[in-house]
Amino acid sequence: EKRIPVKELLQSTGFGKDVHVKGWVQTKRESKNVAFVALNDGSTVHHLQIVVDVSSFSEETLKNIHTGASIAVTGTLAESQGQGQKVELQARHIEVYGTADPEKYPLQPKRHSMEFLREIAHLRPRTRTFGAVLRIRHAMAFAVHKFFNDRGFFYLHTPIITGSDAEGAGEMFRVTTLDPVDPPLNEFGTVDFTQDFFGKETNLTVSGQLEGELGAMALSLIYTFGPTFRAENSNTARHLAEFWMIEPEMAFYDLEDNMNLAEDFLKYLVQYALEHCLDDLQFLDNRLQEEEKNKKQEDRSPMGLIEKLKFVVENQFERLTYTEAIDILIKSKPNQKKQFVYPVSWGTDLQSEHERYLVEKHFKKPVILTNYPKHIKAFYMKQDEDGKTVRAMDVLFPGIGEIIGGSQREENYDKLYSRIQEMKIHEESLWWYLETRKYGTAPHSGFGLGFERLILFVTGMGNIRDVIPFPRTPQNAEF
Ligand code: ATP
Ligand code: MG
Ligand code: MG
Ligand code: MG
């Protein structure tokens, strides 16, 4: 018999029909004659209510139907008299595939803390919250491809193992084939890492950008969408050691074109979620509003989740330069008693507290900051005429801070070369990158969107570890 997903059954009006459904028991309520089983198969955030006539089933079967058990049910679809549901299934036959000892099953039918759920990452997709997050994550990945495909961009696969350090930030994981017990030694008697990976020094990629630029210099419009790795021991709610990044790169785009694309892209993704994930968003919105009730008045978010998403789609992002932002930050008294933890002056790299102040307190909308000081940005950004700033742009979002980092790239060979020298970057490892400026160079721009930061924003979750199925952090890399 064909299994029908719960999502489909809940929308069905074929009452009286015989159907077959499979899934996991969320809860069971039992009275003398009848038991109500809430069944979920992951196709939707909602349950299907299974009505079980106690007298028609063996005690053994009834005993094995409990939270966490996996079952198959055949029965008749009926209009439900219960509140909040239109459809129920009157069970005629139930097969129990797998039981879950109610004493030991870690997922009890109550709300667990996010910290606890991280410890049982192998089971947390079964919770309603994580089911919702994972479905939204799926929809966003699909929407990323759709957005670019509809605009004539080509999906370029950039390498995971690479010799280049795009950001020059020294946050790379080394890839090595060296024997840990008996590694080759150099003339100083220490490990000869130049023999990594069959004779070459290689790392896990921190960004596909540099290779992406090579694609843009041939196909004009490309994007990458793949895993990136950063060996940063930053135990924040916004950093992972392994995260996914979307990096479009566009020939013949200047900084203005780049900002327009970034704003359109983010609005498209949020709108897509509103159109395709409304059930899941509604569930997460209610969940958040319950949490908000426990907060002090002044800490409460002024908008609900869905309201916040609509606001982003409907309002223009504020655009200003880094220099203007610094002025605002210096003049601001974010909180009379407490200044920023990191004080700001022209030249400091902005921390998320500064970014969030601009977005949440000052402009009360998403912000795009441009023209950052060159010494806090990577070598490849196009220099402004003033010699001090570069054509960088960061998109800042409420609750997140930086969600996108991008720039117009330096296309002039001499300028790029002298910047590489100035920053003491190992130029031999970038000979191929430099050649694109030697042969048929062209103005071009691009940016990187951290996929998990997008999901954080869209789901309203508070910690980046809770929007990826298997978070890689300094504490967790087991499975
Ligand atoms: P941050 O200032 O937050 O550390 P960054 O400036 O180091 O970010 P970029 O190198 O500009 O990051 O990377 C582009 C985008 O990738 C960022 O805007 C962000 O959305 C995302 N990102 C960067 N580092 C991480 C990380 N460790 N975990 C998750 N997403 C990240
Ligand atoms: Mg960083
Ligand atoms: Mg940054
Ligand atoms: Mg950045």
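Details
- Hits in the range 7-27 - residues which are crowded, with 19+ Cβ neighbours inside 10 Å and closer than 14 Å to Ala91 by Cβ: Leu9, Val19, Val21, Gly23, Val25
- Residue satisfying condition, being of a type outside the set (D, E, K, R), away from ligand 4 (no atom under 16 Å from the Cβ), modelled with pLDDT of 95 or more and not in a loop (DSSP other than H, G, I, E, B), within set Leu416, Leu430, Leu369: Leu416
- Taken across the range 385-393, residues that are in contact (Cβ under 8 Å) with a residue 60 or more places away in the chain and more than 21 Å from Leu266 (Cα to Cα) do occur, with at least one present.
- Qualifying residue in the range 196-205 (condition: within 16 Å of ligand 3 (Cβ to nearest atom) and within 30 Å of Gly462 (Cβ to Cβ)): no
- Residue pairs whose Cβ atoms lie under 6 Å apart, separated by 6 or more positions or on different chains, with the first residue in the range 262-278 and in contact (Cβ under 8 Å) with a residue 40 or more places away in the chain and open to solvent by 50 Å² or more (accessible area, probe 1.4 Å) and the second assigned to a helix (DSSP H, G or I) and small (Gly, Ala, Ser), are His276/Ala139.
- Criterion (more than 25 Å from Lys110 (Cβ to Cβ), more than 16 Å from ligand 3 (Cβ to nearest atom), open to solvent by 80 Å² or more (accessible area, probe 1.4 Å) and not polar (S, T, N, Q)) met by exactly one of Glu290, Glu318, Glu298: Glu298
- Criterion: farther than 30 Å from Thr176 by Cβ, away from ligand 2 (no atom under 16 Å from the Cβ) and open to solvent by less than 60 Å² (accessible area, probe 1.4 Å) - qualifying residue of Ala218, Ala237, Ala251: Ala251
- Any hit, the range 186-194, residues being over 25 Å from the mean Cα position of the chain (by Cα), buried (at least 19 other Cβ atoms within 10 Å of the Cβ) and assigned to a helix (DSSP H, G or I): no
- Filtered residues of the range 270-309 (kept if charged (D, E, K, R), in contact with a helix residue (DSSP H, G or I) (Cβ under 6 Å, 6 or more places away or on another chain) and more than 17 Å from Gly399 (Cα to Cα)): Asp280
- Yes/no for Gly387 being under 16 Å from Asp349 (Cβ atoms) and either away from ligand 4 (no atom under 13 Å from the Cβ) or at pLDDT 95 or above (or both): no
- Condition broken by Ala392, with the remaining ones in (1) in contact with a Lys or Arg (Cβ under 7 Å, 6 or more places away or on another chain); (2) assigned to a strand (DSSP E or B); (3) surrounded by fewer than 22 Cβ atoms within 10 Å (Cβ to Cβ) satisfied: (3)
- Only residues that are outside any loop (DSSP other than H, G, I, E, B) and free of Cβ contacts under 8 Å to residues at least 40 places away in the same chain were counted in the range 395-413, giving 1.
The values are calculated or read from the model by the stated rules, or taken from the named source; none is laboratory data. What you see is a predicted model; the values in this text were computed from it and never measured. Don't worry about glycine lacking a Cβ; one is built from the backbone with ideal geometry, like all the others, and counts go over all protein chains shown. All accessible areas refer to the heavy atoms of the entire protein, side chains included, with ligands and DNA or RNA removed. Shrake-Rupley method; radii C 1.70, N 1.55, O 1.52, S 1.80 Å.
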